[in-house]
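The values are calculated or read from the model by the stated rules, or taken from the named source; none is laboratory data. Note that the structure is predicted; figures quoted are calculated from it, not measured. Glycine also receives a Cβ, built like all others from the backbone with ideal geometry; neighbour counts cover every protein chain displayed. Just the protein is used for accessible areas: all its heavy atoms, side chains included, with ligands, DNA and RNA removed. Shrake-Rupley method; radii C 1.70, N 1.55, O 1.52, S 1.80 Å.
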Amino acid sequence: MTDQPKKSGFYWGRWHTPARGTADGGEMCTGTAWEVHEVWLAGFDEGLKVFVPGVEKSQPLDAFEWGEEVVR
């Protein structure tokens, strides 16, 4: 496990806690599968957020256990 991402990019992560208001109630949130997630700057007031494929609401960084950055 590594620290939370500090910049936009792609990172290995395990999603363990869905954000409040996630439409599907976080059904895809298993906390067991390592997947590649996109981290992006949502705005200066919101900071970095995480895109989870198939989930309409962006997720906060602390909802994940983080691995290494995926280097292209």
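Could you tell me which of the residues PRO18, PRO5, PRO53 is without any contact (Cβ under 8 Å) to a residue 24 or more places away in the chain, open to solvent by less than 90 Å² (accessible area, probe 1.4 Å) and not in a strand (DSSP E or B)?
Details: PRO18 fails: without any contact (Cβ under 8 Å) to a residue 24 or more places away in the chain; PRO5 fails: without any contact (Cβ under 8 Å) to a residue 24 or more places away in the chain.
Residue meeting the stated conditions: PRO53.
Considering the stretch 23-50 alone, what residues qualify as being within 10 Å of the chain's Cα centre (by Cα) and open to solvent by 50 Å² or more (accessible area, probe 1.4 Å)?
Just the residues of the stretch 23-50 that are within 10 Å of the chain's Cα centre (by Cα), to begin with: 35-40, 48-50.
Of everything in the stretch 23-50, those that are within 10 Å of the chain's Cα centre (by Cα) and open to solvent by 50 Å² or more (accessible area, probe 1.4 Å) turn out to be GLU35, VAL36, GLU38, TRP40.
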A careful count of residues in the stretch 36-50 that are among the aliphatic types (A, V, I, L, M) and touching a helix residue (DSSP H, G or I) at 6+ places or on another chain (Cβ under 8 Å) gives 3
List every residue pair whose Cβ atoms sit under 9 Å apart, with the two residues 6 or more apart in sequence or on different chains, where the first one lies in the stretch 26-41 and is on the phi < 0 side of the Ramachandran plot and in contact (Cβ under 8 Å) with a residue 12 or more places away in the chain and the second, anywhere, is among the polar types (S, T, N, Q) and in a loop (DSSP other than H, G, I, E, B). CYS29/THR17; CYS29/THR22; GLU38/SER8; VAL39/GLN4; VAL39/SER8; TRP40/SER8; TRP40/SER58; LEU41/SER8
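What about TRP66, is it in contact with a Gly (Cβ under 7 Å, 6 or more places away or on another chain), on the phi < 0 side of the Ramachandran plot, open to solvent by less than 60 Å² (accessible area, probe 1.4 Å) and not charged (D, E, K, R)? Write out each step before concluding.
Details: in contact with a Gly (Cβ under 7 Å, 6 or more places away or on another chain): yes; on the phi < 0 side of the Ramachandran plot: yes; open to solvent by less than 60 Å² (accessible area, probe 1.4 Å): yes; not charged (D, E, K, R): yes.
Spelling it out, TRP66 is indeed in contact with a Gly (Cβ under 7 Å, 6 or more places away or on another chain), on the phi < 0 side of the Ramachandran plot, open to solvent by less than 60 Å² (accessible area, probe 1.4 Å) and not charged (D, E, K, R).
Hey, can you tell me all the residues within the stretch 24-41 that are of a type in the set (D, E, K, R) and in a strand (DSSP E or B)? Walk me through how you get there before you give the answer.
Pass one, the stretch 24-41, residues of a type in the set (D, E, K, R): 24, 27, 35, 38.
GLU35, GLU38, listed by residue number.
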For the stretch 11-27, how many residues meet the condition of being in contact with a Ser or Thr (Cβ under 9 Å, 6 or more places away or on another chain) and modelled with pLDDT under 90? 2
